[in-house]
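Here, each number is a calculation from the coordinates, and none is a lab measurement. Just so it is clear, the model here is predicted, and its values are computed rather than measured.
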């Protein structure tokens, strides 16, 4: 756990920063990229890759400060670290000296796609549900993945 400073950052030690930039974040980006080539899924391995890619995409969006408001079924800022007595284990893009995505810079179509994507990941992958009407289709995934990758490239610091 790391302390959250008054600016809302939870700075990282050099070793952790290096690991995130050279290993943990590329690992998730690679899951997302791999899954793009595998949808629509034609095998069990494709389904596994799709689910891993969807969860990785959701993690990257949260890292970039993008969340989902279930009440309004739309995107919301997700910039707060989990906070237990001023400590967190969350990592946000600002902790690595990147910048949050400003939702107003996304088109309404992009916002709609990402909202459907996050809702779908929550219902289809992150929680065990039945008859949830999650709508995480191959089309939504294929539309969301390039947006997520573009936002990551623009807002995350380079390794």
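If every alpha-carbon in the stretch 1-65 counts as one equal scatterer, what log10 I(q)/I(0) does Debye give at q = 0.17 1/Å? With one equal scatterer per Cα and no solvent, log10 I(q)/I(0) is -0.68. Only Cα pairs under 8 Å and 6+ residues apart enter the sum, and on that basis the relative contact order of the stretch 1-103 stands at 31 percent. Pick from 120, 86, 98: which residue has the top mean-square fluctuation in a GNM of the chain where Cα pairs under 10 Å get a spring? Result: 86 has the largest fluctuation of those listed. Taking 66, 118, 140 in turn, the Gaussian network model of the chain (Cα-Cα springs below 10 Å) assigns the largest fluctuation to 140.
For the chain, the longest principal axis of the C-alpha atoms and the axis of helix 25-36 are separated by about 10°. One Cα centroid belongs to the stretch 80-94, the other to the stretch 30-51; the line between them spans 31 Å.
A viscosity of 1.567 mPa s and a temperature of 4 °C, combined with the Kirkwood radius over Cα pairs in Stokes-Einstein, give a translational diffusion coefficient for the chain of 80 µm²/s. Between 0 and 90 degrees, the angle of helix 108-121 with respect to the longest Cα principal axis of the chain falls at about 80 degrees.
Rounded to the nearest 500, what is the 222 nm mean residue ellipticity of the chain from helices alone, with -39500 (n - 2.57) per DSSP H run of 4+ residues and division by all residues?
Values: 5 runs with 70 residues, N = 159.
Helix contribution divided over all residues of the chain: -14000 deg cm²/dmol.
Taking Cα atoms only, the orientation of helix 44-63 departs from the longest principal axis of the chain by about 40 degrees. For the stretch 73-159, what is the relative contact order in percent, using Cα pairs closer than 8 Å and at least 6 residues apart in sequence? In percent, rounded to a whole number, it is 33.
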